[in-house]
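What follows is a set of notes on a single structure, which appears directly below.
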Amino acid sequence: MLAGDRDEFTVLITRYSDPLYRHALCMTGSPDVAEDILQLSFIKAYQHLAEVRGRFDAWVFRIVANGCKDWLKNIRRSHLSYDEDDQPSGYATPEEELDRTELRSDLDVALSSLPASLREAFVMKHVEGRSYEEMADLLGTTVGALKMRVHRAREALQALLEEKYA
């Protein structure tokens, strides 16, 4: 494909960095971790360019997704927490900001308790806005399987959040 051409690989990095970073950020919740996963994924992709079969974007997406899943497994094992990113708020009052912060925190906790496959499907569908067909192509699975994962993720999140917000 690229036969190790650095200039062509740089074009691909530029093209795919933003959506891959957003996916890693949604999966990990940490800008620093997302950046680390993305950098390691591009290094791995460059080292294994000769192995690309099919679309580059789907192949590199799988590398990033697997990096996120590995990080999630390790973080659960070590029980470390990640820092929230400090984005400026668009809310007018401190009360609105507090409500938003509390809801985001509760949602992050609920999302982090989901198995990685359900979390990934939920994030791809409802945060990244991908179609089921695109998701199936990127993850190498069926539309039906992804619909079931998203449905199960919604049910689990609803059950987890219902206790507090119902």
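The values are calculated or read from the model by the stated rules, or taken from the named source; none is laboratory data. In this text, all values refer to a predicted model and were calculated from it rather than measured experimentally. All Cβ positions, even for glycine, are placed from backbone atoms using ideal geometry, and neighbour counts span all protein chains on display.
List of remarks:
- Checking each residue in segment 110-126 for being among the β-branched types (Val, Ile, Thr) and either in contact with a Lys or Arg (Cβ under 8 Å, 6 or more places away or on another chain) or without any contact (Cβ under 8 Å) to a residue 40 or more places away in the chain (or both) picks out no residue at all.
- Which listed residue, of LEU107, LEU98, is assigned to a helix (DSSP H, G or I), modelled with pLDDT of 70 or more and either surrounded by 13 or more Cβ atoms within 10 Å (Cβ to Cβ) or among the aliphatic types (A, V, I, L, M) (or both): LEU107
- Residue selected from segment 134-166 under the condition in a loop (DSSP other than H, G, I, E, B) and closer than 14 Å to SER117 by Cα, by the criterion farthest from the chain's Cα centre (by Cα): THR142
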